[in-house]
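**Q** This is the structure I want to talk about, given as C-alpha cells.
The values are calculated or read from the model by the stated rules, or taken from the named source; none is laboratory data. Please read these numbers as outputs of a predicted model, since none were measured by experiment. Don't worry about glycine lacking a Cβ; one is built from the backbone with ideal geometry, like all the others, and counts go over all protein chains shown. Only protein heavy atoms, including side chains, enter the accessible area calculation; ligands, DNA and RNA are left aside. Shrake-Rupley method; radii C 1.70, N 1.55, O 1.52, S 1.80 Å.
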Amino acid sequence: MARTDFGPPDYREMVPPIIKENYGDWKYHTVPRPGVLRHVSNSGAVLHSVRVASPRLVSSEWIHDICDIAEKYCDGYLRFTTRNNVEFLVADETKLEPLLAELDEKDYLIGGVGLSISNVVHTQGWIHCKSAVTDASGITKSIMDEMTGYFTGKQKVPARLRIAVACCVNMCGACHCSDIAIVGIHRTVPRINDEMASRICEIPTTVASCPTGAIRPNPKLKSVEINPEKCMMCGNCTVVCPAIKIMDPVNDGVSIWVGGKVSNARTAPMFSRLAIPFIPNEPPRWSTVTAAVKNLVEVWAANARDGERMGEWIGRIGWERFFKLADLPFTDKHIDDFTHAKTTFRSTTQFKF
Ligand code: SF4
Ligand code: SF4
C-alpha cells in the first residue's frame with residue numbers, strides 16, 4: 001500500500017553522532033565569544049554551536065553556501081533555530097577557528113546568543129497572506145539592519161531581547177509574549193461588494209467567521225452586513241469572503257507592544273502590552289517603526305538592571321515612568337475596552353499604572 005502521509009521525519013535520524021552519544025547527558029555550556037556556545041557533556045565530549053543570522057527569506061545560493069560550509073567544518077550538520085538563525089554544529093574543536101574565519105570573511109553575522117537580540121520572528125506579510133496589513137518581512141529586515149550591533153554583541157543589552165512582527169492581529173507569529181511586538185492593524189470597517197457577495201459569498205460561513213458576532217445576513221440584497229459598533233477590524237471575514245475588503249492604504253499600519261516574555265525564569269510569562277497605538281505603513285524602510293524600536297531598546301538598555309527583561313524592568317519602574325522615559329504619549333487607545341476587561345482585569349492586556 002502506498003504511503004502518502006509520512007509526517008515529519010524522526011529528528012534522531014538527523015542529529016550529529018556526538019549528540020546521539022551524549023543525549024540527555026550534557027553537563028553545562030558556556031559562551032566563549034558572542035554567537036558561540038560550548039557544550040560539555042559528562043563524558044567529557046565537547047560540541048560547539050556557532051550561530052549566524054539568516055535573512056529569513058533566503059535564496060537557493062545562500063542555502064547551498066551554508067550547506068557547503070557545514071560539509072567543510074561540521075560533517076554536514078547544521079540546524080535552524082526557532083528564530084530562523086542557523087547553527088553550525090562543530091564536533092571537531094580544531095575546525096572551530098577556521099569556521100569562524102570563513103564566516104567572518106563571507107560577512108555572515110555571528111551572534112544572537114545569551115544577552116543579545118536574537119533574529120526577529122515574523123509572519124508572512126503582503127506577499128503571502130490575504131489579511132496582511134503590512135509587510136512583515138520588510139519591517140523585520142529594516143529593524144534587523146538597525147539592530148546588527150545588538151546581535152553581534154558590539155552593543156550591549158541587559159538581558160535577552162525578543163522581537164516579533166505580525167502582519168495582522170491574528171498574529172500567527174509569536175507576538176503575544178515578545179519584549180517588543182510589532183502588530184499590523186486595520187483601522188476601518190470592511191467594505192462589502194453586495195453584488196459580488198450575492199453571487200459568491202457563503203453567507204453562513206461568513207457570518208460564523210466573525211469573532212465578535214458583528215456580521216449578519218442581509219436577505220434583501222442576498223448579502224451580509226456588518227455592525228460597525230461590534231467590528232474590531234480583525235479582517236477574518238475578508239479571508240472567508242472575497243466580496244469583503246478591508247485593505248486601506250491610508251488607515252492601515254502597525255502598533256507596537258512591549259514587555260512580553262515566554263520564559264518563566266525569575267518571573268512568570270507576560271503578555272506584551274500596547275505602547276504605540278499606530279504608525280502608518282512606510283515601505284520600503286519603515287523609518288518611524290525602526291526609530292521607535294531603536295528608542296525602546298536604547299531606553300531599556302540604559303535603565304534596566306543586569307538580567308532584567310523589558311517587561312520586568314517596566315514592572316519595577318511602573319508604566320507611568322516607562323512612558324516618560326520612552327517619551328511616549330499616553331492616549332485613550334491605551335485603555336482596554338475589551339468586552340470582558342472588567343471580569344479579567346488582572347489577566348488581560350488591561351493597561352494600569
Ligand atoms: Fe496572515 Fe495575519 Fe498571519 Fe500575517 S499575521 S500571515 S496577515 S494571518
Ligand atoms: Fe467581524 Fe473581524 Fe470582519 Fe469586523 S473585520 S466584521 S470583527 S470578522
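**Q** Would you be able to tell me the number of residues in region 147-195 that are away from ligand 2 (no atom under 16 Å from the Cβ) and open to solvent by 50 Å² or more (accessible area, probe 1.4 Å)?
**A** Going through region 147-195 one residue at a time, the tally reaches 7.
**Q** For region 29-45, enumerate the residues that are out of contact with any His (no Cβ under 6 Å at 6 or more places or on another chain) and open to solvent by 30 Å² or more (accessible area, probe 1.4 Å).
**A** Within region 29-45, T30, V31, P32, R33, P34, N42, S43, G44 meet the criteria.
**Q** Which residues, taken from region 99-128, are open to solvent by 60 Å² or more (accessible area, probe 1.4 Å) and more than 14 Å from F151 (Cα to Cα)?
**A** Those that are open to solvent by 60 Å² or more (accessible area, probe 1.4 Å) and more than 14 Å from F151 (Cα to Cα): D104, E105, K106, Q124, W126, I127, H128.
**Q** Taking region 196-207, which residues are more than 15 Å from P219 (Cβ to Cβ) and open to solvent by less than 70 Å² (accessible area, probe 1.4 Å)?
**A** Across region 196-207, the qualifying residues are M196, T205.
**Q** Shifting gears a bit: Filtering region 124-145 down to residues that are charged (D, E, K, R) and more than 16 Å from ligand 2 (Cβ to nearest atom), which residue is farthest from P284 (Cα to Cα)?
**A** Within region 124-145, the match that is farthest from P284 (Cα to Cα) is D145.
**Q** To continue, here is another question. Collect the residues in region 315-336 that are charged (D, E, K, R), surrounded by 12 or more Cβ atoms within 10 Å (Cβ to Cβ) and in contact (Cβ under 8 Å) with a residue 24 or more places away in the chain, keeping them in residue-number order.
**A** Once the filter is applied, which keeps residues that are charged (D, E, K, R), surrounded by 12 or more Cβ atoms within 10 Å (Cβ to Cβ) and in contact (Cβ under 8 Å) with a residue 24 or more places away in the chain, region 315-336 yields only K333.
**Q** Pick out, from region 144-228, the strands (runs of 3 or more DSSP E) lying fully within it that include 2 or more residues that are over 25 Å from T134 (Cβ atoms).
**A** Ranges flagged: 215-218, 223-226.
**Q** Further, regarding this structure: Would you confirm, using the coordinates I've provided, whether K230 is open to solvent by 50 Å² or more (accessible area, probe 1.4 Å), away from ligand 1 (no atom under 16 Å from the Cβ) and without any contact (Cβ under 8 Å) to a residue 12 or more places away in the chain?
**A** no
**Q** Right, another one. Give the number of residues within region 201-243 that are at pLDDT 95 or above and in contact with a Gly (Cβ under 9 Å, 6 or more places away or on another chain).
**A** Going through region 201-243 one residue at a time, the tally reaches 2.
**Q** OK, next. Please verify whether E312 is in a loop (DSSP other than H, G, I, E, B), in the same structural domain as R160 (by the TED database) and surrounded by 16 or more Cβ atoms within 10 Å (Cβ to Cβ), treating the condition exactly as stated.
**A** no
**Q** Looking at region 288-306, which of its residues are open to solvent by 30 Å² or more (accessible area, probe 1.4 Å), more than 14 Å from L328 (Cα to Cα) and touching a residue at least 24 places away in the same chain (Cβ under 8 Å)?
**A** A301, R305, D306 - these are the residues of region 288-306 that are open to solvent by 30 Å² or more (accessible area, probe 1.4 Å), more than 14 Å from L328 (Cα to Cα) and touching a residue at least 24 places away in the same chain (Cβ under 8 Å).
**Q** Okay, moving on. Show the residue pairs meeting these rules: Cβ distance below 8 Å; 6+ apart or different chains; first residue within region 58-83 and small (G, A, S); second residue assigned to a loop (DSSP other than H, G, I, E, B).
**A** A70/G76; A70/Y77
**Q** Inspect all residues belonging to region 262-285 and state whether any of them is more than 16 Å from ligand 1 (Cβ to nearest atom), polar (S, T, N, Q) and modelled with pLDDT of 95 or more.
**A** No: zero hits.
**Q** Further, regarding this structure: For region 122-147, which residues satisfy the criterion of being within 15 Å of the chain's Cα centre (by Cα) and away from ligand 1 (no atom under 11 Å from the Cβ)?
**A** G138, I139, T140, K141, S142, I143, M144, M147 - these are the residues of region 122-147 that are within 15 Å of the chain's Cα centre (by Cα) and away from ligand 1 (no atom under 11 Å from the Cβ).
**Q** How many residues are of a type in the set (A, V, I, L, M, F, W, C) and modelled with pLDDT under 95 when one looks only at region 1-30?
**A** Residues that pass the stated criteria total 5.
**Q** For region 238-282, which positions are open to solvent by 10 Å² or more (accessible area, probe 1.4 Å) and in a helix (DSSP H, G or I)?
**A** Within region 238-282, V239, V240 meet the criteria.
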